[in-house]
Every structure is written in structure tokens, then in C-alpha cells.
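Scroll down for the structure; my scribbles are underneath it.
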Amino acid sequence: MSRHDRLVVTVAIFAASIWAGCSTGPEDGTTGDDQDITGSECEITVMASGKKMSKAQLDELDDPVARFVLAGKACPTTFEEITRKMAKTDVEGDCAPGFVPPPPCSDDDESCEGPGREPVTSTQLVSETSQVLGKPDAYRAVFQRRCGKRAASDFFISAFGLRPDAKSLPVDVELIGRDATSGAFNYYAREKGA
């Protein structure tokens, strides 16, 4: 079992496993009563039961993915679409439009804490093969977005299959959001744009 497989299995064991898929709905524009999730095009399947999630079930989730990616209009299916939607929907505190962060702190300033003192977003690149091969290969980017009072560990997007010679970002992403109410980490996956 590869390190990636172990990570996915570990996350799935400790998280509420949810798979989010997109659908444009019926051609005539009608939607089902329980499946119309806040007017979104998103169709969400709960992996544990194999059943579609209702609007009421989505409303009960209190994690950044449910609140800022899946709720509302549009169903983003790629990393770029997800981050574009979050730039419009996840706008609390340091992520608010027009927020001006305070000047950088010096290393010896112990009072340098509070809003704007930590980066709002961060990205880490990980490769399981580049070091062994001794050259750039495929990478996974782990993206964190910390807005408002949310900790950096409350929201992750993982995009895998990044290559140094690629002309575009990969389509497949995994998202993890900590539910502020239950404390559980909810796991979402977008595979092959669905």
C-alpha cells in the first residue's frame, strides 16, 4: 500500500466520508425537492449510505467545504473553480475584500500576534518520487486557507498530479474541512471533474 493510499484510508477512517459530485440536473431545469441543495448544481453522495444528501443534511454540516464550496449557486469541479468560488464566499476576517494586513513583524517582537499576522493561505508541495529519482517529478500541493477565527488546520485542499512541465493545474482534488460543531473532519473528493 502506497503512502498516498495509507493517507486516504487514515483520513477516511477518522473523517465523515462524503463524496461530492456535480450534476447539472435534468435538462428541463427542474430539481428534486430534497436534492435541491440551496439552489446549487452540486449533487452530494454520502459514501457510508450511498444515498444523496438532502439540503437539510448539508445545512447541518458546519465545515468550510460545505459552507463555502458546496452551498449556494454553482458547483465548482476543479481546484481553480473551487478557489475562485471561495474568494467570493469565504470572506471573513483576514479574507475580507479590502483587508489590509498590518506590517510584518520582526523576529524578536513577542507581541506580534493577532489578525493579519499569519498568512491567510499557504501551500506545501510534496513529492513521493522526486527525491528518489533525483529530479522533479509529480507533486501533491496541500493548500490551506485560514480566514476569520478558523485555524489553518480547519481547511485543506489537496491537488495531486502537479508536474513541473504541466500547462494547467490537475482536475482531481481532495478537500478536508473540520466541522466546527461536531469537531469531526469531513472528507470530500472531486475525481475526474465529477
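The values are calculated or read from the model by the stated rules, or taken from the named source; none is laboratory data. Keep in mind the model is a prediction, meaning the values are calculated, not measured. Glycine gets a Cβ as well: all are built from the backbone with ideal geometry, and neighbour counts include every protein chain shown.
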Going by the conditions given, is Gly161 surrounded by fewer than 17 Cβ atoms within 10 Å (Cβ to Cβ), touching an Asp or Glu at 6+ places or on another chain (Cβ under 7 Å) and at positive phi?
-> yes
What number goes with the only condition from (1) more than 12 Å from the chain's Cα centre (by Cα); (2) of a type outside the set (A, V, I, L, M, F, W, C); (3) farther than 21 Å from Phe99 by Cα; (4) at pLDDT 85 or above that Arg150 does not pass?
-> (3)
Counted residues in the stretch 51-87 being assigned to a helix (DSSP H, G or I), crowded, with 18+ Cβ neighbours inside 10 Å and aliphatic (A, V, I, L, M) come to 7
Candidate set: the stretch 88-110, residues that are among the small types (Gly, Ala, Ser) and either loosely packed, with under 12 Cβ neighbours inside 10 Å or more than 25 Å from Ala184 (Cβ to Cβ) (or both); chosen: the one modelled with the highest pLDDT = Ala96
Of everything in the stretch 153-173 that's without any contact (Cβ under 8 Å) to a residue 40 or more places away in the chain and either in a helix (DSSP H, G or I) or under 19 Å from the mean Cα position of the chain (by Cα) (or both), which residue is nearest to Ala87 (Cα to Cα)?
-> Phe156
